[in-house]
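Heads up: the structure comes next, in structure tokens.
A short reminder: the numbers here are calculations on the coordinates, not readings from a lab. All of these numbers come straight from a predicted model, not from anything done at the bench. No Cβ is skipped: glycine too gets one built from the backbone with ideal geometry, and neighbour counts run over all protein chains shown.
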Amino acid sequence: MVAKSSAIAVAIGFAAWAYAASQSQSAPQSGATAAHSLPPQAVCSCLPPGGDRSPLIIILYSSQFVDPRSFAVLGNNGPFRESSFTQFFNPTNTTPPFFQVFHPDFLKILGPSATIRAVAANPTFAFAHEAPIWLPATDEVTFASNDGGALGMSDIDHNNQVSRISLKEVEAAIAKAGKSHAPVNVSVTKLDLPDTIQMTNGGTGPFFGNLILVNSGRGPLPPSVALVNPSPPHNTTVLLDNFFGRQFNSLNDVKIRPGTNTLFFTDVTYGFLNHFRPLPLMPNQVYRLEPDTRRVRVVADGFDRCNGIAFSRDGKTAFVTDTGANAGFLGNNQTEPATIYAFDVDPKTEAFKNRRVFAYVDTGIADGVQLDAEDNLYAGCGDGVQVWNPEGALLGKFFLGTTSANLVFAGDSRLVIMAETAIYFAEIAAKANKLFFP
Ligand SMILES: *[C@@H]1O[C@H](CO)[C@@H](O)[C@H](O)[C@H]1NC(C)=O
Ligand SMILES: *[C@@H]1O[C@H](CO)[C@@H](O)[C@H](O)[C@H]1NC(C)=O
Ligand SMILES: *[C@@H]1O[C@H](CO)[C@@H](O)[C@H](O)[C@H]1NC(C)=O
């Protein structure tokens with residue numbers, strides 16, 4: 001029952017059998033490293049107990065191939081999970097961060113020398129929550145801290161903050177650290193934004209040189225869509241802060257539809273559910289905004305709690321996550337959606353049609369979503385970043401063992417992952433889906 005990824009040039013380690021073994025052992029295993037005493041990127045000729053006796057070779061740093069056939073049947077006394085929020089699916093018991101591979105195609109995304117490590121961390125402050133934007137001109141990534149949630153240091157009386165890191169500094173720190181894969185810790189610089197920007201939760205661009213930020217609002221201060229100069233003095237143009245006079249609930253995420261200059265953003269009740277916005281006045285829905293004319297209208301509704309948004313590269317398919325399973329102060333309810341929906345974008349009206357399930361996630365919720373140049377979809381989830389192919393097959397995970405709310409490609413082969421109290425940086429093979437316009 002040992003799977004062989006014969007379609008690809010490298011043979012990969014197959015450590016799923018350690019799952020069964022670890023259930024009956026008192027000493028915890030730590031994936032390939034502990035189970036086989038392997039240094040990173042070593043070649044292993046260890047054998048699984050019974051079954052196929054082919055030698056196993058581990059080439060990728062910290063990757064674990066978990067064949068679905070190895071856990072399809074857990075048995076009467078199997079180690080079933082009770083919770084998608086408090087229990088992870090880590091059958092190899094590997095210490096994060098690592099690449100959890102469910103499908104050989106994930107190795108094409110990773111490439112033969114993929115790495116992942118924390119590049120900034122602050123255990124007491126969820127400084128890296130959402131709104132990641134890569135600025136190609138300066139090779140920086142901007143992002144927002146958690147708004148109203150755990151370790152966010154923001155509430156109805158305190159705004160959250162937008163910061164940036166330099167990827168030049170990241171690359172230099174990694175070069176200095178050598179091939180150790182050890183975490184590095186670059187500086188995080190707060191952007192001094194005007195008071196019109198309240199509780200930033202989503203972002204994309206740059207759009208004609210500006211950050212596009214969507215802001216949840218705070219108390220009576222309105223949610224807004226704004227253009228922000230990424231350079232000092234960070235002057236801002238608010239494009240929209242109401243729907244024909246009514247405030248939005250709390251804006252959450254935004255994307256530009258490829259091939260257009262049109263913005264699409266989600267509005268949801270998390271500001272209220274995290275104690276920093278008044279009672280909602282409208283349904284949770286997706287809006288379309290023309291930045292020039294400021295015409296705004298609804299393109300999709302019927303969500304429990306709509307959240308992240310992304311488009312296929314041709315702009316014909318929209319993806320919206322529904323994070324209904326997370327209800328802020330009302331608690332988590334895993335019988336509610338943790339689901340990514342796909343839609344056809346009507347070529348004439350740009351309304352979202354033909355809603356269908358793209359993927360349901362096994363851990364936590366799928367929050368922010370991004371696509372790569374092959375239209376594989378990456379979502380920030382309860383255990384890190386999960387990746388599906390365009391048909392909705394789960395290929396693998398950037399397994400962090402902690403929540404990621406969003407991520408962004410910083411050009412080809414570089415993934416910057418928001419993980420609340422840390423930022424992770426992955427060097428992989430996949431190419432980026434361009435998010436900056438023009
Ligand atoms: C990283 O540096 C920041 C200061 O820039 C510090 O607050 C934080 O504790 C450091 N993180 C780690 C994990 O050392
Ligand atoms: C910032 O100010 C400059 C100079 O007045 C202006 O050209 C630019 O459009 C402003 N940017 C925004 C986002 O308001
Ligand atoms: C969870 O959601 C389901 C479906 O909406 C509902 O029937 C149930 O009462 C909820 N459970 C809790 C504990 O709120």
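See the values below:
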item	result
Partners for LYS255 among aspartates and glutamates (Cα-Cα distance below 15 Å; same-chain residues under 8 apart left out)	GLU130, ASP267, GLU290, ASP314, GLU350, ASP367, ASP372
Residue-count net charge about GLU336 - beta-carbon cut-off 13 Å; Lys, Arg +1, Asp, Glu -1	-1
Additional length obtainable on full extension of the chain from THR335 to ASN242, 0.36 nm per residue less Cα span	30.2 nm
Coil-residue trypsin sites (Lys or Arg not before Pro) of segment 288-376, DSSP, other Cβ within 10 Å capped at 16	ARG294, ARG295, ARG313, LYS316, LYS348
Between helix 167-177 and the chain: long-axis angle, C-alpha atoms, 0 to 90°, nearest 10	20 degrees
Net charge, ASN229 excluded, C-beta distance under 14 Å - Lys, Arg +1, Asp, Glu -1	-1
